[in-house]
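The values are calculated or read from the model by the stated rules, or taken from the named source; none is laboratory data. These figures come from a predicted structure and were not determined experimentally. In this analysis, Cβ positions are derived from the backbone assuming ideal geometry, glycine residues included, and neighbour counts consider all displayed protein chains. Keep in mind that these areas ignore ligands, DNA and RNA; they rest on the heavy atoms of the full protein, side chains included. Shrake-Rupley method; radii C 1.70, N 1.55, O 1.52, S 1.80 Å.
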Amino acid sequence: MDANRRFYQLIRFYVAAWVLSVAVFWLFCRDPQMAMLHVIVVQYLFLPALTLLLSFFLGREALSIPQAGYVLLGFSAAYLLCRLLTLSLLEYLLSGAAALPGLYDVLAILFLSAVGLLIGMVSKKKHFS
């Protein structure tokens with residue numbers, strides 16, 4: 001399988017997991033405890049871990065610098081959009097005011113993705129050296 005195809009398969013996998021996580025939130029949002037459990041498990045554990053793992057595999061694909069930048073921006077934007085479409089939107093619908101995600105949220109995912117990319121790039125170089 002060529003690198004371009006693996007790259008797009010990893011991206012499709014992330015998009016599917018992302019869409020599923022947003023949809024599941026709206027299934028459980030009527031129960032405050034389940035909604036909070038979803039936020040803790042999905043937004044603070046699952047999506048960051050998935051970002052780190054997929055960034056590692058993408059780093060092994062010998063990306064160019066612009067492609068790596070797009071990966072970093074893509075993961076950060078997807079995480080931010082997930083927060084906006086779940087918890088922030090629910091707060092807005094219930095109270096008329098939403099707590100928007102902070103800079104920390106974006107920087108944390110950006111950092112995790114960068115670490116995953118770097119580890120993937122280094123492991124690929126060590127594997128072939």
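Some observations on this one:
- Dipole of the chain, positive end: most advanced residue of Val122, Ala68, Leu47 [Cβ charges, Cα centre]: Val122
- Global form of segment 1-59, assessed from the alpha-carbon gyration tensor, a/c cut-off 1.5: oblate
- Pairs of Cα atoms farther than 17 Å apart, segment 51-116, %: 46
- Student exercise, segment 50-129 dipole from Lys, Arg, Asp, Glu Cβ charges, in Debye to nearest 20: 420
- Two-site FRET efficiency, Ala23 against Ser95, from Cβ-Cβ distance with R₀ of 30 Å, rounded to 0.05: 0.85
- The chain, accessible area per residue, ligands and nucleic acids excluded (1.4 Å, Å²): 62
- Most mobile of Ser113, Ser95, Ser55 in a GNM of the chain (Cα contacts under 10 Å): Ser95
- Using C-alpha pairs under 8 Å with a sequence gap of at least 6, the mean separation divided by the residue count of the chain gives a relative contact order of 33 percent.
- Alpha-carbon Rg/Rh ratio, for the chain, with Rh computed the Kirkwood way: 1.04
- Carbon/sulfur fraction of accessible area - the chain, other protein chains in place, 1.4 Å, %: 74
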